Amino acid sequence: HLIRDDEEDSLGLPSGDRELPLMIADRSFDEHGAFAYPSLDRTLRTTPGVESAYVEGVFGDVILVNGAPWPVHEVAAVRYRLRILNGSNARRYDLALDPPPPGGGGFVQIGADQGLLDAPREHDHLPIAPAERYDVVVDFGRYPVGTEVTLVNRLGSGSTAQVMRFVVARRAPDDSRVPAKLSVIPPLTREQATVTRDFSFRAGTVHGRAGWVIGGEPFSPDLMSASPRLGDAEIWRFVADIHHPVHLHLVGFRILSRGGREPGPFDGGIKDTVDLAPGESVEVIAR
């Protein structure tokens, strides 16, 4: 869902057919071309979960973008806004442009999971875990007409190393821009927090099978781990012994620290999903 307002519309960002949602997912297919997924219950109506070999996540060997395998998209030599979502079950990507534009900084990040940054950030690559989103601008005017630019996955190999391809097909006028100031939302500070809560994500036993536990307990919709007061700011500290993206529903947060240090270059903006490496701790603050 792409949500807009008058403030964003006034910025002059690329729009119309120069704004492309890219929903990336890896999937597997059987010999008949049907979707293959190792669920315990093939009808998906009774027993939840997947076969034990896939408990750490299901990976596919076909990369889809908006449902199409390894698509090719013609672009003009102008700026495009790419709204990127990792819709995979478990696969992480490290996205890059091949070839990179002269001078680097091919991705100009303007937004994170839940909205615009305060100012643009340039990146040569984009690490993205399941459920994370990036809002970026790519200027294909930095390439000669006729260039084929591949969006690659630096964490992939074989069939998962390439995501899609852009063909710079023609020149065109471009009145879009990326302003130096994008949005002003006062950030929450540590001093505003009324409480700090700890949540540990670890491998464990769930209903007699291998799975994930939070604070030693399997997920249950009936288990209330916290009861924040409406309007309060809270700091939540996450730690994991497994590589895991942590997602909060119905709230946006800012990352305060990662591994006891300042947030990383990809941690900016208002987010709802944060990727934890094994043994890593992350602090977030939310209202």
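The values are calculated or read from the model by the stated rules, or taken from the named source; none is laboratory data. What you are looking at is a predicted structure, and each value in this text was computed from that prediction instead of being measured. Using ideal geometry, Cβ is built from the backbone for each residue, glycine included, and neighbour counts are taken over all protein chains shown. Keep in mind that these areas ignore ligands, DNA and RNA; they rest on the heavy atoms of the full protein, side chains included. Shrake-Rupley method; radii C 1.70, N 1.55, O 1.52, S 1.80 Å.
Overview of results
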quantity: Tally, over region 157-176, of residues that are open to solvent by 20 Å² or more (accessible area, probe 1.4 Å) and under 26 Å from the mean Cα position of the chain (by Cα); calculated: 7
quantity: Residue list for region 1-35, restricted to those being in a strand (DSSP E or B) and of a type outside the set (K, R); calculated: E19, L20, P21, L22, M23, I24, A25, D26, F29, F35
quantity: Close pairs (6 angstrom Cβ cut-off, 6 or more residues apart or separate chains): among the hydroxyl-bearing types (S, T, Y) in region 44-61, modelled with pLDDT of 85 or more anywhere; calculated: T47/L40; T47/D41; Y54/P38
quantity: Residue list for region 138-165, restricted to those being in a strand (DSSP E or B) and under 28 Å from G60 (Cα atoms); calculated: V138, E148, V149, T150, L151, V152, N153, Q162, V163, M164, R165
quantity: Test: residue in region 260-272 that is exposed (fewer than 14 other Cβ atoms within 10 Å of the Cβ) and either of a type in the set (D, E, K, R) or touching an Asp or Glu at 6+ places or on another chain (Cβ under 6 Å) (or both); calculated: yes
quantity: Set A226, A180: member being of a type in the set (G, A, S), on the phi < 0 side of the Ramachandran plot, in contact with a Lys or Arg (Cβ under 7 Å, 6 or more places away or on another chain) and not in a strand (DSSP E or B); calculated: A226
quantity: Single condition A68 does not satisfy, out of (1) touching a Lys or Arg at 6+ places or on another chain (Cβ under 8 Å); (2) at pLDDT 95 or above; calculated: (1)
quantity: Residue under evaluation A76, criteria (1) within 26 Å of R170 (Cβ to Cβ); (2) open to solvent by 20 Å² or more (accessible area, probe 1.4 Å); (3) of a type in the set (G, A, S), criterion not met; calculated: (2)
quantity: Which listed residue, of T43, T47, is out of contact with any strand residue (DSSP E or B) (no Cβ under 9 Å at 6 or more places or on another chain) and either within 26 Å of A169 (Cα to Cα) or loosely packed, with under 15 Cβ neighbours inside 10 Å (or both); calculated: T43
quantity: Of the criteria (1) at pLDDT below 95; (2) in the same structural domain as V274 (by the TED database), which one D198 fails; calculated: (1)
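Quick grid of which residues meet (1) over 14 Å from the mean Cα position of the chain (by Cα); (2) open to solvent by less than 10 Å² (accessible area, probe 1.4 Å); (3) over 28 Å from S157 (Cβ atoms):
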site	(1), (2), (3)
P71	yes, no, no
R92	no, no, no
L97	yes, no, no
G115	no, no, yes
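So that you can scan it fast, the table gives a plain yes or no per residue for (1) in contact with a Phe, Trp or Tyr (Cβ under 8 Å, 6 or more places away or on another chain); (2) surrounded by 18 or more Cβ atoms within 10 Å (Cβ to Cβ):
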{"residue": "I110", "(1), (2)": "no, yes"}
{"residue": "E122", "(1), (2)": "yes, no"}
{"residue": "P130", "(1), (2)": "no, yes"}
{"residue": "Y143", "(1), (2)": "no, yes"}
{"residue": "G146", "(1), (2)": "no, no"}
{"residue": "L151", "(1), (2)": "yes, yes"}
{"residue": "E191", "(1), (2)": "no, no"}
{"residue": "G204", "(1), (2)": "yes, no"}
